[in-house]
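No lab work stands behind these numbers, since they all come straight from the coordinates. Note that the coordinates shown come from a computational prediction; the quantities given were computed from them, not determined experimentally. Backbone-built Cβ (ideal geometry, glycine too); neighbour counts: all protein chains shown.
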Amino acid sequence: MKLFNETEKVIAEYKERVNKLDLQEQELHAELNALQEEHTALILDQEGANLSERIYLKSQAKEVVGKSEIVNGMIEELGEEKAALRMEFTPLYKTALNEDIEAKVGKYNINSIVDKYRYEMISEIASMGKQMADQYHAIAPDIHELFEDEKVIEAFPQVRYSFNQDHWKPTYQEASKTVLNRNQVFEALGGYIPASIPKPKDVK
């Protein structure tokens, strides 16, 4: 089962483009860190330096500050590019998700599963019921020959009620009004087996 065929294609394209921006951002941050270290070193070097050296060091420090400002500006531009990329891809995500959900509706419609197993369940129950009914009707004449005899009934008044077809049907202990209700189906749709449906002992 694969749900997000079209969406995954768009995500892959987005990640490819955003990863390039991330790489540039990492490089710029590395450059910024290096410039900050260089600036700190230039400030420290000014201590104890003579006038000529301080002028040079201040000039170098100012140049480093200028470069840092440029790098910070480039980092901000990358942030704007990422924001623009998100805006560009949001409609593409929505379109892809709509395509995938339309495909999902047709491909993964559980109504057919419910109909199939409901019919199989009823068919199996009916088959068992028919076998029992056939056996009941096969033996019934012999039983009724005695149980419906007037003298037997006179001696055993309740005997005519002791052989009833309803007693010879498959046993079903009705725990609820329905075998499966809609809330249980909706819970299963979320990937959970409802707690109200315990696992039978003979099911692995």
Checklist outcome for this item: In the neighbourhood of Gln46 defined by beta carbon distances under 15 Å, the net charge of the other residues (Lys, Arg +1; Asp, Glu -1) is -2
Checklist outcome for this item: Rh (Kirkwood, all Cα-Cα pairs) for the range 10-49, Å, reads 12.4
Next on the checklist: Under the 0.36 nm per residue contour assumption, what length would be gained going from the current alpha-carbon distance of Gln46 and Asp134 to full extension?
Outcome noted: 20.7 nm
Checklist outcome for this item: In degrees rounded to 10, the 0-90 angle between helix 111-147 Cα long axis and the longest Cα principal axis of the chain is 20
Checklist outcome for this item: Quick note, the range 111-189: a/c under 1.5 would make it rounded; otherwise a/b > b/c is prolate and the rest oblate (a ≥ b ≥ c, C-alpha gyration tensor); here it is oblate
Checklist entry - Taking the range 5-107 as the region of interest, what is the percent of Cα-Cα pairs per 5 angstrom bin, listed from the shortest bin to the one with the maximum distance? => result 2, 12, 15, 12, 10, 9, 8, 7, 6, 5, 4, 3, 3, 2, 1, 1, 0
Checklist entry - Using a simple charge model, +1 on the beta-carbon of Lys and Arg, -1 on the beta-carbon of Asp and Glu, nothing else, what dipole does the range 81-204 show about its Cα centre, in debye to the nearest 20? => result 880
Checklist entry - Mind checking the angle between helix 5-45 and the chain's longest principal axis? C-alpha axes, 0 to 90 degrees, to the nearest 10. => result 30
Checklist entry - Under the definition of Cα pairs under 8 Å and six or more residues apart, what whole-number percent is the relative contact order of the chain? => result 21
Checklist entry - Using a basic spin-label model with each label point 7 Å from the Cα along Cα→Cβ, how many nm lie between Glu154 and Val185? => result 6.0
Next on the checklist: Run the helix sum for the chain: -39,500 (n - 2.57) per DSSP H stretch of 4+ residues, divided by residue count, reported at 222 nm to the nearest 500 deg cm²/dmol.
Outcome noted: -26500 deg cm²/dmol
Checklist outcome for this item: Percent relative contact order for the range 5-107, counting Cα pairs under 8 Å at least six residues apart, stands at 47
Checklist entry - Among the trypsin sites (Lys or Arg not before Pro) within the range 1-94, which fall in a DSSP loop and have no more than 11 other Cβ atoms within 10 Å of their own Cβ? => result Lys2
Next on the checklist: Using +1 at the C-beta of Lys and Arg and -1 at the C-beta of Asp and Glu, which of Ala49, Ile197, Gly106 has the Cα lying farthest in the positive direction of the dipole of the chain?
Outcome noted: Ile197
Checklist outcome for this item: Rounded to the nearest 0.05, FRET efficiency between Arg54 and Ala30 (Cβ-Cβ, R0 22 Å) equals 0.15
Next on the checklist: What translational diffusion coefficient, to the nearest whole µm²/s, does the chain have by Stokes-Einstein, given a Kirkwood radius computed over alpha-carbon pairs, a temperature of 37 °C and 0.692 mPa s viscosity?
Outcome noted: 123
Checklist entry - For the range 80-135 and the range 159-173, what is the separation of their C-alpha centers, rounded to whole Å? => result 41
Checklist outcome for this item: Note: the range 145-197 at 37 °C, 0.692 mPa s; Kirkwood Rh on alpha carbon pairs; Stokes-Einstein D in µm²/s works out to 217
